[in-house]
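Working notes for the structure below.
Coordinate-derived values only; no laboratory data. Computed from a predicted structure; not experimentally measured. Don't worry about glycine lacking a Cβ; one is built from the backbone with ideal geometry, like all the others, and counts go over all protein chains shown.
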Amino acid sequence: MEGTFTVPEMDGGSADRVAVTRRSLLRAAREVFVVHGYYRATVTEIVERSGTSTGSLYNRFGGKENLFLELHREHTQALWQAARVAMEDANRDGADDPLRAFIAGVRSILSWSWTERDLVLLFFASGPPGFDALSVDGERQWVDENVELLRLTDVYRGWELAAAITGVVVTAAKRIARSADADDATDVADYFLGLIERLATLD
């Protein structure tokens, strides 16, 4: 029918090629963004590093901005998944201790901040227009989730306490990403985890 657009079905081989191209572009984008930051990174260099084409980049991501945002989305999704698994593991023995589970989740986040430190530093330092506002909204949602995780809903100034704890986690992640080595990162994580425990148990 005229005016109707139908997306063609892809066979297994085509789907695999699309997935490989997508991963190649994201991998190259990570390398280029980490070295140059968002604004100095160029589509040309990303395409050259990926071994794909400019058309492939625009067809799959629409441009540099969406490529950066997809890199951030994947990073954030993997980070929260690791934290959820850590919290589930902490509660596997049936203990009903929200702080224990929360600390396990934060420890996972801080460990991730060391292993993925190049991305952590990138996302704190650079991004497309509107990225700062997106980050602020994300942190506000994180505070809301932490109110629930720490069961602070009925606690006086519970949201403010969760906001303070969340701020400590963010500061810890930044500091760990800048650690000199793994031992330093571990020491910093232990310090901040102790601080979070003290904050969470304030009367």
(message) Along its three principal axes, how long is segment 141-180 when you only count alpha carbons? Whole Å, largest extent first please.
(response) 41, 14, 13
(request) Taking the Cα centre of the chain as origin, sum charge times position over the Cβ atoms of Lys and Arg (+1) and Asp and Glu (-1), and report the length of that vector in debye to the nearest 20. (result) 580
(message) Within a 10 angstrom radius of the beta carbon, how do 38, 156 rank from fewest other beta carbons to most?
(response) 156, 38
(request) Go through segment 17-30 residue by residue and turn each phi into a ³J(HN,Hα) via Karplus (6.51, -1.76, 1.60, θ = phi - 60°); whole Hz please, and just put x for glycine and proline. (result) 5, 4, 5, 5, 4, 4, 5, 4, 5, 5, 5, 5, 4, 4
(message) Suppose we keep just the alpha-carbon trace of segment 9-62; what are its Rg and Dmax in angstrom?
(response) 11.8, 38
(message) Would you work out the Kirkwood radius for the chain? I mean one over the mean of 1/r across all pairs of different Cα atoms, in Å.
(response) 19.2
